[in-house]
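Structure first, commentary second.
The values are calculated or read from the model by the stated rules, or taken from the named source; none is laboratory data. It should be emphasised that the depicted structure is a prediction, and the values quoted were computed from it without experimental measurement. We place every Cβ from the backbone using ideal geometry, glycine too, and count neighbours over all the protein chains shown. Ligands, DNA and RNA are stripped out before the accessible areas are found, and what is left, the full protein with its side chains, is counted by its heavy atoms. Shrake-Rupley method; radii C 1.70, N 1.55, O 1.52, S 1.80 Å.
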Amino acid sequence: MASDAITLLQSDHREVERLFAATKAANADLDALSVAIAQALLVHTEIEEKVFYRAARERAHATSNVALEKLTAEAKREHAIVKGMLQRLSGARGQKPALRHIIWRLEKTIFIHVQEEERLLFPLVRRAFDESELQRLGALMAEIKAHRPAA
């Protein structure tokens with residue numbers, strides 16, 4: 001059985017955490033890791049925005065769930081910040097000290113975002129959607145991911 005939407009997103013979170021951890025090795029190829037991190041985050045933000053957040057926002061409106069609406073709006077604003085950081089990351093390739101600093105800042109930003117999603121947003125979504133709906137969202141998100149370059 002395919003992963004439900006939340007399980008798929010949590011799996012993405014763990015993969016990005018693994019990539020950030022790899023940047024800490026003394027011999028880490030920061031240029032290659034920055035590309036992998038950027039690709040993983042771009043695909044992840046795409047499926048969240050196009051599928052997950054959109055569905056959550058629609059459900060929040062339909063059920064007058066103010067908390068769910070606020071959390072999805074905040075998560076989308078955080079994505080805009082991350083996308084700006086990814087542009088800076090791209091521009092710093094080949095400059096190890098700058099790259100290391102941007103990766104460090106990006107990791108801290110992502111950590112906070114992931115904590116908010118997993119502790120606040122995901123439980124609200126689990127209550128707002130039944131399992132079959134989450135499975136359908138997960139399948140749609142997996143389909144989009146399958147057509148994007150691998151990290």
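Screening the candidates 34, 3 for the property of being in contact with a Ser or Thr (Cβ under 8 Å, 6 or more places away or on another chain), among the small types (Gly, Ala, Ser), open to solvent by less than 60 Å² (accessible area, probe 1.4 Å) and outside any helix (DSSP H, G or I) yields one hit, 3.
Taking the range 50-69 as the range and being closer than 14 Å to residue 141 by Cα and either open to solvent by 40 Å² or more (accessible area, probe 1.4 Å) or without any contact (Cβ under 8 Å) to a residue 24 or more places away in the chain (or both) as the test, the residues that pass are 50, 53, 54.
For first residues located in the range 132-149 and closer than 9 Å to residue 4 by Cβ and polar (S, T, N, Q), partners that are open to solvent by 40 Å² or more (accessible area, probe 1.4 Å) and not in a helix (DSSP H, G or I) and lie 6+ apart or on another chain with Cβ distances below 7 Å form the pairs 135/2.
Can we say residue 23 is polar (S, T, N, Q), buried (at least 19 other Cβ atoms within 10 Å of the Cβ) and within 18 Å of residue 137 (Cα to Cα)?
Working: polar (S, T, N, Q): yes; buried (at least 19 other Cβ atoms within 10 Å of the Cβ): yes; within 18 Å of residue 137 (Cα to Cα): no.
In short, no.
For residue 108, the criteria (1) outside any helix (DSSP H, G or I); (2) modelled with pLDDT of 95 or more hold in every case but one, which is (1). Taking the numbered list (1) without any contact (Cβ under 8 Å) to a residue 24 or more places away in the chain; (2) open to solvent by 40 Å² or more (accessible area, probe 1.4 Å) in turn, residue 84 passes all entries but (2). Here is a list of conditions, (1) farther than 24 Å from residue 139 by Cβ; (2) surrounded by fewer than 20 Cβ atoms within 10 Å (Cβ to Cβ); (3) not aromatic (Phe, Trp, Tyr), and residue 110 meets all of them except one; can you say which number that is? The failed condition is (2).
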